[in-house]
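Heads up, the thing below is written out as structure tokens.
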Amino acid sequence: MRIGILTGGGDCPGLNAVIRAVVLTGAYVHGDETVGFLDGWRGVLEDNTEALPPERCRDILPVGGTILGTSRTNPFAVDGGPPRVGAVLQRHALDTLVVIGGEDTLGVAHRLGAHGVPVVGVPKTIDNDLDGTEVTFGFDTAVQIATDAIDRLRTTAESHHRVIVCEVMGRHAGWIATHAGMAGGAAEILVPEVPFDVAAVCERLTRRHAGGQFSSIVVVSEGATPKETPEADAARRATSTSAVDAFGHARLGGIGAWLAEEVERRTGFEARVTTLGHIQRGGTPTAFDRVLATRFGVAAVAAVHDGDFGTMVALQAGAIVRVPLAAAVARAKTVDLGLYGDVAGVFLG
Ligand code: F6P
């Protein structure tokens, strides 16, 4: 078979491991040829490709980012986009397209299915917010990076008797904040799923310090918002740009800085902020993510050869399964509020 492949959306540790697994499984098990589209859906629209023989995949397994490049291009936001995708796939005599991406990229893949494009999806995102799979590759690496950062921030927080706010990624879901906050022993974990009361946060910090603690780490997701209070509006203005990408998402960032200022003003404790940003997406994937990405890649080729299009490979109870793409992109997988409640009830404040 001739397999097209692309990586779309934010880069993510493990993308190259998936590409390698698809190319090598295709070539060595089935005698397939793989063609890479450069920079996500933009490469398909502009017919920008690179042949991917097995030797192109040498040494890429531990490398972060994506050798194919990526973008947030949306073919459905471009005049004549969907038919152009079909025409380009035909021009290259491709039997299928393996699409590695998050909610937006896979959302496009799902919609293209209705235009007759045979797709198989692979779930990628450090945010871990794709439904249908218990975990996406990249999440483990991001959590490890954020946990290491919290451990390092703690020594400064303790030495200077400060509150340090650590802002992590997580647009719709606070998985990174919840897991890294648990692993790093944070005093507060603030997530998009549960709007926070800034007065209550400050009260808890004050109580904690009065009880003998002299420093605190507050982990906040970039998508977390304060409850509807007079200051909530100001917080919103401070934390996202008015410009949106091709999928309608504003650029987030800034809630940590806003919160650190509020904490210092309300509690009198010296407060600082560290925004981890793209550091969480950079560098080499953990062993877990390399293994998961490789298993996903192998499974995607199996789905292709079974003609099981319109599906996404997924991890469920330790096994790699296939789920309908439609189900995977129907809604974001948000943090389990039971888990969050348990953590908050026992460890926070
Ligand atoms: O990949 C998802 C994500 O990490 C979100 O958490 C974040 O809002 C977004 O990417 C930011 O990506 P960029 O700055 O590259 O557009």
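The values are calculated or read from the model by the stated rules, or taken from the named source; none is laboratory data. Given the structure is predicted, the values throughout are model-derived calculations rather than measurements. Here Cβ is always computed from backbone atoms with ideal geometry, including for glycine, and neighbour counts include all displayed protein chains. These accessible areas exclude ligands, DNA and RNA; they are computed on the full protein's heavy atoms, side chains included. Shrake-Rupley method; radii C 1.70, N 1.55, O 1.52, S 1.80 Å.
So, in segment 51-109, how many residues would count as being in contact with a Lys or Arg (Cβ under 8 Å, 6 or more places away or on another chain), hydrophobic (A, V, I, L, M, F, W, C) and within 16 Å of the ligand (Cβ to nearest atom)?
Looking only at that region, the number is 1.
When the residues of segment 306-340 are narrowed to those that are in contact with a helix residue (DSSP H, G or I) (Cβ under 6 Å, 6 or more places away or on another chain) and closer than 23 Å to Val29 by Cβ, which ends up surrounded by the most Cβ atoms within 10 Å (Cβ to Cβ)?
This residue is Met312.
I'd like the residue in segment 110-128 that is in a loop (DSSP other than H, G, I, E, B) and more than 21 Å from Thr294 (Cα to Cα) and, out of all such residues, is nearest to the ligand (Cβ to nearest atom).
Val117
From the residues in segment 58-77 that are farther than 15 Å from His115 by Cα and without any contact (Cβ under 8 Å) to a residue 40 or more places away in the chain, which one is least open to solvent (accessible area, probe 1.4 Å)?
Asp59
Let me spell it out: the conditions are (1) part of a loop (DSSP other than H, G, I, E, B); (2) in contact (Cβ under 8 Å) with a residue 24 or more places away in the chain; (3) of a type outside the set (A, V, I, L, M, F, W, C); (4) surrounded by fewer than 18 Cβ atoms within 10 Å (Cβ to Cβ), and Arg207 meets all of them except one. Which number is the exception?
Arg207 satisfies every listed condition except (1).
Condition first: within 16 Å of the ligand (Cβ to nearest atom) and among the acidic types (Asp, Glu). Can you find one or more residues in segment 144-159 that meet it?
No; the residues of segment 144-159 include none that is within 16 Å of the ligand (Cβ to nearest atom) and among the acidic types (Asp, Glu).
What number of residues in segment 235-252 are modelled with pLDDT under 90 and either more than 29 Å from the chain's Cα centre (by Cα) or open to solvent by 40 Å² or more (accessible area, probe 1.4 Å) (or both)?
11
I'd like to know if segment 112-135 contains one or more residues that are among the acidic types (Asp, Glu), closer than 22 Å to Trp258 by Cβ and within 17 Å of the chain's Cα centre (by Cα).
Among the residues of segment 112-135, at least one is among the acidic types (Asp, Glu), closer than 22 Å to Trp258 by Cβ and within 17 Å of the chain's Cα centre (by Cα), which makes the answer yes.
Ala187 - would you say it is out of contact with any helix residue (DSSP H, G or I) (no Cβ under 7 Å at 6 or more places or on another chain) and either over 21 Å from Tyr340 (Cα atoms) or at pLDDT 95 or above (or both)?
no
Consider Asp131 against the criteria (1) free of Cβ contacts under 8 Å to residues at least 40 places away in the same chain; (2) of a type outside the set (Ser, Thr, Tyr); (3) away from the ligand (no atom under 14 Å from the Cβ): it satisfies all of them except one. Which criterion is unmet?
Condition (1) is where Asp131 drops out.
Considering only residues of segment 232-274 that are touching a Cys at 6+ places or on another chain (Cβ under 8 Å) and of a type outside the set (A, V, I, L, M), which is nearest to the ligand (Cβ to nearest atom)?
Gly256
Could you grab me the full set of residues in segment 328-349 that are modelled with pLDDT of 95 or more and part of a helix (DSSP H, G or I)?
Ala328, Val329
Return only the number of the condition from (1) surrounded by fewer than 24 Cβ atoms within 10 Å (Cβ to Cβ); (2) assigned to a helix (DSSP H, G or I) that Ala173 does not satisfy.
Ala173 satisfies every listed condition except (2).
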